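S.K.: Mind looking over this structure? Questions follow.
The values are calculated or read from the model by the stated rules, or taken from the named source; none is laboratory data. Predicted model only: the values in this text are computed from it and were never measured. Cβ: placed from backbone, ideal geometry, glycine included. Neighbour counts: every protein chain shown. Each accessible area value is taken on the protein alone, full model and side chains, heavy atoms only, with ligands, DNA and RNA left out. Shrake-Rupley method; radii C 1.70, N 1.55, O 1.52, S 1.80 Å.
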Amino acid sequence: MHDAARKRSLRKLRENAAQCVIYSAVMLVSAVFIWLLIDLLRGGLSHLSWEFITELPRDAGRAGGIASILVSTLLILLVAVLTAVPVAWMTAILLAEFVATGSWFGKAVRFSLYVLAGVPSIVFGLFGNAFFCVYLGLGFSILSGGLTLACMLLPILASTAEAGLRAVPHIYRLTASALGLSRAAALLHLILPAAAPVMAAGLLLGIGRALAETAVLLFTSGYAERMPDSLLDSGRALALHIFDLSMNVPGGDEPAYASALVLVSLLLCINILAMKFAYGLQRSKLMP
Amino acid sequence: MTIEQLTDPCDSFTLGPLEAGPACCDPQPVIEVKNLSLRYHGKLALKQVSLDIYKGCITALIGPSGCGKTSLLSAVNRLTDLIPGCSVNGRILVQGRNIYDPDENVQALRRQVGMVFQKPTPFPLSIRRNLSLPLHEHGVTRKAEVADISEQALRDVGLWDEVCDRMDSAALNLSGGQQQRLCIARALALQPQILLMDEPCSALDPIASGIVEDLIGRLRGRYTVVIVTHNLAQARRIANYAAFFWVSEHAGQLIEFGRCQKIFESPRHELTAAYVNGVRG
């Protein structure tokens with residue numbers, strides 16, 4: 001009797017200890033995020049204002065705002081997304097719907113996507129510089145930066161979209177075929193709509209990643225801080241602006257903090273949107 | 001079924017005498033399966049099946065799990081094309097046409113040979129769209145015509161009164177039995193001649209199952225129905241013909257085919273007798 005009670009209390013102790021460890025790990029992770037946020041808020045909030053968003057930078061960014069930088073960032077993103085999305089999603093459709101799961105072709109494509117996903121961004125930067133800026137003669141431009149980012153986005157977009165398409169129950173394909181629907185019709189009317197939330201979530205995550213990218217753009221889109229007139233102009237992305245302010249501009253800490261605050265808020269919004277999509281998918285009755 | 005029928009001492013079965021509908025007096029083969037073998041990744045799943053399915057009759061495919069009933073069913077509308085690693089040898093003639101002919105129009109075949117799956121499989125769309133999508137695909141695009149056909153199909157399965165005021169709500173919000181009837185309606189809307197049913201009642205509760213079963217009984221004569229079922233009582237109640245499959249040497253084989261009554265009451269093969277009497281299987 002006494003022995004059993006001791007065993008029980010020992011087990012309870014072990015359980016409690018495990019819980020403690022897990023909770024403290026969770027606390028630690030959250031603490032890092034909260035600390036970062038507080039630091040950003042303390043350093044940047046006082047500098048943040050409507051004028052900061054809408055004015056052009058002056059005095060190397062020490063004064064003025066980040067309007068031209070936001071425009072450049074947006075343009076780079078637009079180029080990247082508009083180029084990467086069609087290619088990546090068509091690849092995903094091919095891999096998920098038309099290539100047999102075990103075929104060497106599918107394996108080869110998937111392998112190259114994995115490799116591409118693992119390439120450090122600085123390598124993409126060097127490649128983009130050599131290929132787009134020099135070889136294709138696009139120079140340091142928003143176009144070069146956007147296209148290089150597109151290469152980086154490809155694996156993220158393709159693999160999330162493929163996962164989304166594969167998550168659509170196979171029975172929909174069987175049923176659609178049994179009703180004499182063509183594969184194209186089944187894809188268009190049933191499978192793509194069912195996979196859309198995952199594909200959209202993947203897209204948002206990809207945009208988030210592109211938004212935070214610095215190294216790639218340093219080599220490809222350049223760091224001119226003026227308002228871009230065309231896609232062939234050099235343009236400075238937000239992350240690069242923060243890097244420049246904190247590294248090369250004495251007295252640029254406050255605007256750097258404020259820019260970082262803008263960047264993090266944008267990323268936060270995008271991540272929340274992505275989570276909402278994923279949650280919406282879970283809740284929807286698509287997956288029985 | 002009344003209590004007396006259930007307790008009739010003369011009856012050797014537990015569920016009363018056979019109540020299969022009118023026997024088909026003039027059997028006219030509409031599907032002819034000839035020497036059909038089916039393999040998954042080279043492994044034989046169905047061995048040398050030859051079988052005629054008669055027009056306007058309900059034919060039940062019975063037998064234990066894994067004996068190739070569903071495989072045979074999906075070979076009849078070439079859904080086997082979609083199963084990776086599945087290869088079919090032999091011939092299946094549908095109305096005299098070899099459907100494994102390279103020139104066969106598979107989409108047209110699948111319009112002629114409808115299929116209903118085990119689990120209800122409505123699309124995640126509205127009820128209306130579930131019915132109109134396949135119709136559009138087969139070239140029926142006039143709005144009034146689509147609406148007429150949809151209504152007729154829903155009336156045929158006894159679902160119209162239940163859903164007519166919420167045609168635009170999600171099909172997945174219907175109950176399981178209603179979903180299955182919607183799937184049958186969706187197949188009927190394409191005006192097929194043959195309807196393949198893969199255990200259409202097994203995922204439903206007893207009441208919904210009864211409703212769907214009655215519906216299948218009513219299809220007799222208008223459609224040729226091939227139904228896979230594990231529910232022997234159901235097979236006896238609704239089928240005119242029955243085909244009994246068994247697994248031997250890891251491959252499904254057709255053991256016996258004949259009038260339902262014969263299969264259940266005086267089977268020629270001892271395996272059949274053992275199975276239908278619940279001794280084996």
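S.K.: At a probe of 1.4 Å, how much accessible area disappears from chains A and B on forming the pair, both sides counted, to the nearest 100 Å²? If you can, show how the numbers build up before the last one.
M.R.: Values: alone 16380 and 13270 Å², together 27860 Å².
Rounded to the nearest hundred, the buried surface is 1800 Å².
S.K.: Same structure again: How many angstrom separate the Cα center of the stretch B:184-257 from the Cα center of the stretch B:33-50?
M.R.: Here the answer is 21 Å between Cα centres.
S.K.: Separate question: Kirkwood Rh and Cα-based Rg: tell me the resulting Rg over Rh for the stretch A:50-286, rounded to two decimals. If you can, show how the numbers build up before the last one.
M.R.: Values: Rg = 20.3 Å, Rh = 19.2 Å.
On the Cα set of the stretch A:50-286, Rg over Rh gives 1.06.
S.K.: Short version: which residues of the stretch A:153-190 lose at least 50 Å² of accessible area, all chains versus chain alone, 1.4 Å probe?
M.R.: Residues meeting the cut-off: A:172, A:174, A:175, A:177, A:178, A:179, A:180, A:181, A:189, A:190.
S.K.: Right, next: Which value, in debye to the nearest 20, gives the size of the charge dipole of the protein assembly as shown about its Cα centre, when Lys and Arg are +1 and Asp and Glu are -1 at the Cβ?
M.R.: Working: 49 positive and 44 negative charges, 223 e Å.
Roughly 1060 debye, rounded to the nearest 20.
S.K.: Right, next: Of all the C-alpha pairs in the stretch A:184-288, what % are more than 23 Å from each other? List each step's numbers first, then the result.
M.R.: Details: 2542 of 5460 pairs.
Cα-Cα pairs of the stretch A:184-288 separated by over 23 Å account for 47 percent.
S.K.: Could you state the number of Å between the C-alpha centres of the stretch B:67-130 and the stretch A:94-144?
M.R.: If we compute the Cα centre of each part, the gap is 40 Å.
S.K.: Put one equal scatterer on each alpha carbon of the stretch B:215-281, apply the Debye formula with no solvent term, and list log10 I(q)/I(0) at q = 0.15 1/Å to two decimals.
M.R.: So the normalised log intensities work out to -0.48.
S.K.: For residue A:125, what charge total do you get from the other residues with a beta carbon under 15 Å from its beta carbon, if Lys and Arg give +1 and Asp and Glu give -1?
M.R.: Value of the local net charge: +1.
S.K.: For A:227, A:27, give me the order by solvent-accessible area with a 1.4 Å probe, most accessible first, ignoring ligands, DNA and RNA. Each step should come with its number before you reach the end.
M.R.: Values: A:227 75, A:27 130 Å².
Sorted by accessible area, descending: A:27, A:227.
S.K.: Hey, what's the Kirkwood Rh for the stretch B:158-262 if you take every pair of different alpha carbons, in angstrom? Walk me through the intermediate numbers first.
M.R.: Working: mean 1/r = 0.0654 Å⁻¹.
Hydrodynamic radius (Kirkwood, Cα pairs) of the stretch B:158-262 is 15.3 Å.
S.K.: Still on this model: Would you mind telling me which residue in B:139, B:158, B:114 has the biggest mean-square fluctuation in a Gaussian network model of chain B, where springs connect alpha carbons within a distance under 10 angstrom?
M.R.: Comparing B:139, B:158, B:114 in a Gaussian network model of chain B, the most mobile one is B:139.
S.K.: Let me understand the stretch B:96-240 better: what is its radius of gyration from the alpha carbons, and its Dmax, in angstrom?
M.R.: Rg then Dmax for the stretch B:96-240, in Å: 15.1, 45.
S.K.: Quick one: Debye curve from the C-alpha atoms of the stretch B:15-170, no solvent, what's log10 I(q)/I(0) at q = 0.09, 0.12, 0.16, 0.21 Å⁻¹?
M.R.: The computed values of log10 I(q)/I(0) come out as -0.41, -0.71, -1.11, -1.32.
S.K.: Can you work out D for the stretch A:1-133 in µm² s⁻¹ from Stokes-Einstein, where Rh is the Kirkwood radius over C-alpha pairs, the temperature is 10 °C and the viscosity is 1.306 mPa s? Spell out each step's value before the answer.
M.R.: Working: Rh = 21.6 Å.
It diffuses with D of about 74 µm²/s by this estimate.
S.K.: Considering Cα pairs under 8 angstrom that are at least six residues apart, work out the relative contact order of the stretch A:121-231 and quote it in whole percent. Don't jump to the answer; show the numbers that get you there.
M.R.: On the way: 106 pairs, mean separation 51.9, N = 111.
Once normalised by length, the contact order is 47 percent.
S.K.: So what is the relative contact order for chain B, in percent, with contacts set as C-alpha pairs under 8 Å and at least six apart?
M.R.: On the way: 527 pairs, mean separation 73.2, N = 281.
About 26 percent, as a whole number.
S.K.: Would you look at the GNM of chain B, springs on alpha carbons closer than 10 Å, and say which of B:144, B:189, B:171 moves the most?
M.R.: Of the options given, B:144 has the highest mean-square fluctuation.
S.K.: Please name whichever of B:67, B:195, A:150 sits farthest to the positive end of the charge dipole of the protein assembly as shown, dipole taken about the Cα centre and charges placed at Cβ: Lys and Arg +1, Asp and Glu -1.
M.R.: B:67
S.K.: Here is a follow-up. Give the carbon-plus-sulfur fraction of the accessible surface of the stretch B:148-281 in %, rounded to a whole number; probe 1.4 Å, heavy atoms of protein chains only. Write out the running numbers ahead of the final one.
M.R.: Working: 2480 of 5440 Å².
The computed percentage sits at 46.
S.K.: Indicate the gyration tensor shape class of chain B (rounded, prolate or oblate), computed on the Cα atoms with a ≥ b ≥ c the square roots of the eigenvalues: a/c under 1.5 is rounded; otherwise a/b larger than b/c is prolate and the rest oblate.
M.R.: On the way: a/c = 1.86, a/b = 1.22, b/c = 1.53.
Judged from the Cα gyration tensor, chain B comes out oblate (a/c at least 1.5, b/c at or above a/b).
S.K.: Okay, next question. Counting only other chains, and only Cβ atoms inside 10 Å, what mean value do you get across the residues of B:183-195? Provide the component values of the computation, followed by the final result.
M.R.: Values: counts 3, 0, 0, 3, 3, 0, 1, 2, 0, 2, 0, 0, 0.
So the per-residue partner count for this stretch is 1.
S.K.: Here's a follow-up. Give me the accessible area per residue for chain B, probe 1.4 Å, as a whole number in Å².
M.R.: Values: 12420 Å² over 281 residues.
Dividing the accessible area of chain B by its residue count gives 44 Å².
S.K.: May I pose another question? Output ³J(HN,Hα) for the stretch B:81-95: one whole-Hz value per residue in order, computed from phi by the Karplus curve 6.51 cos²θ - 1.76 cosθ + 1.60 with θ = phi - 60°, and x for Gly and Pro.
M.R.: Per-residue couplings from phi come out as 4, 8, 8, x, x, 8, 10, 10, 10, x, 10, 10, 9, 10, 6 Hz.
S.K.: Give me the percent of accessible area attributable to carbon and sulfur for chain A, probe 1.4 angstrom. Walk me through the numbers on the way to the answer.
M.R.: Working: 11100 of 15450 Å².
Of the solvent-accessible surface of chain A, carbon and sulfur hold 72 percent.
S.K.: Another question, then. To the nearest 20 debye, what charge dipole does chain B have about its Cα centre, counting +1 at the Cβ of each Lys and Arg and -1 at the Cβ of each Asp and Glu? Present the calculation step by step, with values, prior to reporting the outcome.
M.R.: Values: 29 positive and 29 negative charges, 140 e Å.
Dipole magnitude for chain B comes out near 680 debye.
S.K.: How large is the accessible surface of residue A:277 in square angstrom, using a 1.4 angstrom probe and rounding to the nearest 10?
M.R.: Answer for residue A:277: close to 90 Å² accessible.
S.K.: Among A:277, A:186, B:231, whose Cα sits farthest toward the positive end of the charge dipole of the protein assembly as shown (+1 at Cβ of Lys/Arg, -1 at Cβ of Asp/Glu, about the Cα centre)?
M.R.: B:231
S.K.: Given Cβ point charges of +1 (Lys, Arg) and -1 (Asp, Glu) and nothing else, what value in debye, to the nearest 20, does the dipole of the stretch A:50-286 about its Cα centre take? Numbers along the way, then the final one.
M.R.: Values: 13 positive and 12 negative charges, 236 e Å.
Computed charge dipole of the stretch A:50-286: roughly 1140 debye.
S.K.: Residues of chain A: accessible area per residue at 1.4 Å, in Å²? Numbers along the way, then the final one.
M.R.: Working: 15450 Å² over 288 residues.
Accessible surface, normalised per residue, equals 54 Å².
S.K.: Once you keep just the Cα pairs under 8 angstrom separated by 6 or more residues, what percentage relative contact order results for the stretch A:50-286?
M.R.: Normalised by residue count, the contact order of the stretch A:50-286 is 27 percent.
S.K.: When all alpha-carbon pairs of the protein assembly as shown are counted, what percent fall beyond 30 Å?
M.R.: Numbers: 104205 of 161596 pairs.
Counting pairs separated by more than 30 Å, the tail of P(r) holds 64 percent.
S.K.: Kirkwood hydrodynamic radius, computed over distinct alpha-carbon pairs, for the stretch A:67-198: how many Å, to one decimal? Write out the running numbers ahead of the final one.
M.R.: Values: mean 1/r = 0.0608 Å⁻¹.
Kirkwood hydrodynamic radius for the stretch A:67-198: 16.4 Å.
S.K.: Placing +1 on the Cβ of each Lys and Arg and -1 on the Cβ of each Asp and Glu in the protein assembly as shown, which of A:266, B:242, A:201 has its Cα farthest towards the positive end of the resulting dipole?
M.R.: Value computed over the given set: B:242.
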